[in-house]
Amino acid sequence: MPHPVVQELIELLSLERLERDLFRGQSRDIGTKYVFGGQVLGQALSAAQQTVEADRHVHSLHAYFLKAGDVEVPIVYNVERSRDGNSFSVRRVTAIQHGQIIFGLAASFQIPEDGVSHQQPMPIVPPPENVAPPEPYSAEVLAQVPVKLQRWLTRSGPFEFRPVYPRDEIKCPRLPPLQHIWFRLLDRIGDDPVQHSAMLAYASDYHLLGTATYPHGISYLQKNVVMASLDHALWFHRPFRIDDWLLYSCESPSAQGARGLTRGAIYTREGVLVASTMQEGLVRVRSE
């Protein structure tokens, strides 16, 4: 049996099938004010994958976060079978709560094929064994943030994260909009690529938008800073295991209009580029 928090994530992404293309997923309160965006991404992808033939694997998804999700109630996922061609299948998924659409996703699946191949090299960073786990927040620091965020900061989640160059999220020095984070699932799971893909979609929402705050000396922990994901794109390039170390290299090329744009590249420890991400999110700084 996997670690309890890993088993919880497995169950969270294992949806209940209500009808042929209708699914229901439970919500988890992990200390965020609303449903964590990665949960909706992972569940929507899981729903879409259950309507596709087993020999077709996801290669891209594009999603919009339309309304904040309620952590107290389940989410219903309606899958539309947009296309089933000789090589590709496309699915559209809408997530519904309280009778309203809160999220929309389009995902494309492909039969494995051989073809041309190249990739950008992985950044030169220390291996995960040489990167210390982040220090827990002190009681003095926790006292400065709301109770719900305290739960988020002290929660032992299903993934281990090791920032290569950690930033003080309280003092918030101004830094270039770039960060590298080693991460992996806490425990081993089976070999099903569907499960690994859904979990990567879940994990890809961590840290990405925060990169846009680095040059401005602000943090989501500050009471006058409001941040939320607006859209999210993820491309799967090559096979990987979510329970092996992966490097998430994130950068923010632009921020403007109370929005920050970020992009990421995910590598294996051997330097193989396995996925790419992009996200734009709300980064609003209110007057004190």
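Relative to the longest principal axis of the Cα atoms of the chain, the long axis of helix 37-49 lies at roughly 10 degrees. In this structure, E80 and S287 have a Cβ-Cβ separation that, at R0 = 45 Å, corresponds to a calculated FRET efficiency of about 0.55. Helix 193-203 and the long axis of the chain differ in direction by around 30°, with both axes built from C-alpha atoms.
Distance from the alpha carbon centroid of the stretch 143-192 to that of the stretch 64-85 works out to 26 angstrom.
Using only side-chain charges placed at the Cβ, +1 for Lys and Arg and -1 for Asp and Glu, the dipole size of the chain relative to its Cα centre rounds to 820 debye.
If you plug the beta carbon distance of Y34 and S254 into 1/(1 + (r/R0)^6) with R0 = 35 Å, you get a FRET efficiency near 0.85.
The angle between the Cα long axis of helix 4-13 and the main principal axis of the chain comes to about 50°, on a 0 to 90 degree scale. Straight-line cross-link reach from K223 at under 15 Å between alpha-carbon atoms covers these aspartates and glutamates, not counting any fewer than eight positions away in the same chain: E169, E288.
Based solely on its DSSP helices, what 222 nm [θ] is calculated for the chain when runs of n ≥ 4 H residues each add -39,500 (n - 2.57) and the sum is averaged over all residues, nearest 500 deg cm²/dmol?
Working: 5 runs with 46 residues, N = 288.
Rounded to the nearest 500, the figure is -4500 deg cm²/dmol.
Determine the gain in length on full extension of the stretch N224-A68; use 0.36 nm per residue of separation and subtract their C-alpha separation, reporting nm with one decimal.
Numbers: separation 156, 0.36 × 156 = 56.16 nm, distance 1.87 nm.
Gain on stretching N224 to A68: 54.3 nm.
How long is the gain from A233 to R188 if the chain were fully straight, where each residue apart is worth 0.36 nm and the alpha carbon distance is subtracted?
On the way: separation 45, 0.36 × 45 = 16.20 nm, distance 2.64 nm.
Contour length minus the Cα-Cα distance gives 13.6 nm.
Bear in mind that the values in this text are calculations on the coordinates, not laboratory data. These figures come from a predicted structure and were not determined experimentally. Because the Cβ atoms are built from the backbone with ideal geometry, glycine has one as well, and the counts that use them run over all protein chains shown.
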